[in-house]
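Beneath this line is the structure, given in structure tokens, with notes to follow.
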Amino acid sequence: MTSGGEIPFSSKLPRVAELVVIGGGVVGAATAFFAARAGLETVLLERRPMLGTLSTSAATGAFRLQFDNADELEVVRESVHFFRHFAERTGLLEHDLGLVEQGYLWVARDEETAERQQERVARQRAWGLDDVEILGSAELHRRFPYLSPDALQARYRAGDGWLDPRQLTVGLARASGAMLVSNVEVRSIDVSEGRVRGVETSKGSLTAKAVVIAAGNFSRTLARTVGIDLPIRLVRRHRLVMLEVPDVPADAPMTIDESNGTHWRPAGNGAHLMRPDPDEPSGDALEDVPTQESFAFDMLDPARPFAAAGLVPFWRDVWARGAGPWLLKAGQYDLTPDHRALLGPTTIEGLHVNCGHSGHGVMASVGAGRRVVDLLLGRLDPERNPFRADRPMAGRERDVL
């Protein structure tokens, strides 16, 4: 067992491998971990100089089991168990994921939302998630006195939380035993007679029996090069990082206004603030995702309809003082029509996908990576895979996170 060390990048591209994983974000690293641990000669390719520096670095690193369907709940449950036992599962005894379990608090401010919460918690309990609480107004304000008086009810699970997504990525890659090659761009996937033969890269050709596309917002672009049109659209998602906010309780949970999706959590001496914007237009895959300063004002200016001060009044004081220093980050969500991931084989033999996570890539990474490798090795029946890429995809009521 080891305590960490430098990332074992290879300066040269091998010519042959059993499996190529395209993408060095958290999803690709998890896939490579399970593939190499299963005995496959695995090569992980990353176009950037370092792992986990595109969509993964823009993620807040949060995880939760409060899902609206049993399939995703089980994938994330597996991931969270792995996070908790990371040292034991990887052998990296001193690798710190920054794991924090301070809960997710979804707050209802109207009766209709409160009723939906109760229905959802009843379903979750039927799926075996029996530690989600429904907090009435009195108990809610006793535990979380920073909430506004109109907070009627909340659903709360103390075991939800967050971690450092880049440290998770680096740890998985380092512990995998896979060959890691950075600064290499996959220019095409070689296919002949209906099956994968390897990849063409900026450093030459690599022959392989199987390829997994785990390239986040570039997955659809890569799949199109071999005639596969993945049902993915890309939407920008912002994260506002407030560096110094003494008003934020250090032990606060992820606090979510369930009526509009505005949410925040403690981070260092400040907080991260987020909100999904249903009106954000779809776009092309971007290497550098631009930020828009107005997002910060939407989160902080109490006069705006989605401001954090609507649910948590101390954000009004933060604004009145001038808000303090902040940073903006932006990444792209790879959304599928039903907001569920695409996992497993495609119509081309040997070509698999692990993408379309719709904003849940960090929390689903381990469970999804293990499933894709099991599908590749024939350990799971593709017909029983609820995340298969060719499934019917009806629209789904938006889950605010």
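Brief remarks follow.
- Exactly one residue out of G331, G322, G395, G359 is assigned by TED's automatic domain parsing to the domain that holds R116 and either surrounded by fewer than 15 Cβ atoms within 10 Å (Cβ to Cβ) or part of a loop (DSSP other than H, G, I, E, B) (or both), and it is G322.
- Condition check for V191: in a strand (DSSP E or B) and β-branched (V, I, T): yes
- Number of the exception - M299 against (1) farther than 22 Å from L147 by Cβ; (2) part of a helix (DSSP H, G or I); (3) outside the structural domain of G350 (by TED's automatic domain parsing): (1)
- Of all residues making up region 263-299, the number that are free of Cβ contacts under 8 Å to residues at least 40 places away in the same chain, farther than 14 Å from H238 by Cβ and either surrounded by fewer than 19 Cβ atoms within 10 Å (Cβ to Cβ) or among the β-branched types (V, I, T) (or both): 3
- Options T113, T90; residue that is closer than 22 Å to I256 by Cβ and hydroxyl-bearing (S, T, Y): T113
So that you can scan it fast, the table gives a plain yes or no per residue for (1) touching a Gly at 6+ places or on another chain (Cβ under 9 Å); (2) surrounded by fewer than 16 Cβ atoms within 10 Å (Cβ to Cβ); (3) at positive phi:
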| residue | (1), (2), (3) |
| --- | --- |
| R109 | yes, no, no |
| E115 | no, yes, no |
| A126 | no, yes, no |
| E139 | no, yes, no |
| L147 | no, no, no |
| D164 | yes, no, no |
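- A single entry from P337, P305 fulfils the requirement of being within 23 Å of S259 (Cβ to Cβ), part of a loop (DSSP other than H, G, I, E, B) and either within 22 Å of the chain's Cα centre (by Cα) or modelled with pLDDT of 95 or more (or both): P305.
- Which numbered condition R379 fails, given (1) charged (D, E, K, R); (2) more than 21 Å from A208 (Cβ to Cβ); (3) in a loop (DSSP other than H, G, I, E, B): (2)
- Matching residues in region 39-69 - criterion: being surrounded by 16 or more Cβ atoms within 10 Å (Cβ to Cβ) and of a type in the set (G, A, S): G52, S55, S57, A58, A59, G61, A62
- For region 11-49, a residue qualifies if it is among the polar types (S, T, N, Q), at pLDDT 95 or above and over 20 Å from A59 (Cβ atoms), and exactly one does: T42.
- Considering the conditions (1) out of contact with any helix residue (DSSP H, G or I) (no Cβ under 9 Å at 6 or more places or on another chain); (2) farther than 26 Å from R391 by Cβ, V226 is excluded by exactly one of them, (2).
- Options V235, V212, V245: the member that is β-branched (V, I, T), part of a loop (DSSP other than H, G, I, E, B) and touching a residue at least 60 places away in the same chain (Cβ under 8 Å): V245
- Contact annotation: no residue pair with Cβ atoms under 6 Å, 6 or more positions apart or on different chains, pairs a residue in region 363-378 that is under 15 Å from G39 (Cα atoms) with a partner that is of a type in the set (K, R) and modelled with pLDDT of 95 or more.
- Hey, V26 among the hydrophobic types (A, V, I, L, M, F, W, C), touching a helix residue (DSSP H, G or I) at 6+ places or on another chain (Cβ under 7 Å), closer than 14 Å to A173 by Cβ and buried (at least 18 other Cβ atoms within 10 Å of the Cβ) or not: yes
- Here G52, G28 are screened, and the one residue that is closer than 13 Å to G361 by Cα, not in a loop (DSSP other than H, G, I, E, B) and not hydrophobic (A, V, I, L, M, F, W, C) is G28.
- Helices (runs of 4 or more DSSP H) (entirely within region 82-169) containing at least 1 residues that are of a type outside the set (A, V, I, L, M, F, W, C) and in the same structural domain as W264 (by TED's automatic domain parsing): 111-126, 137-143
The values are calculated or read from the model by the stated rules, or taken from the named source; none is laboratory data. What you are looking at is a predicted structure, and each value in this text was computed from that prediction instead of being measured. Note that we place each Cβ from the backbone using ideal geometry, even for glycine, and neighbour counts take in every protein chain shown.
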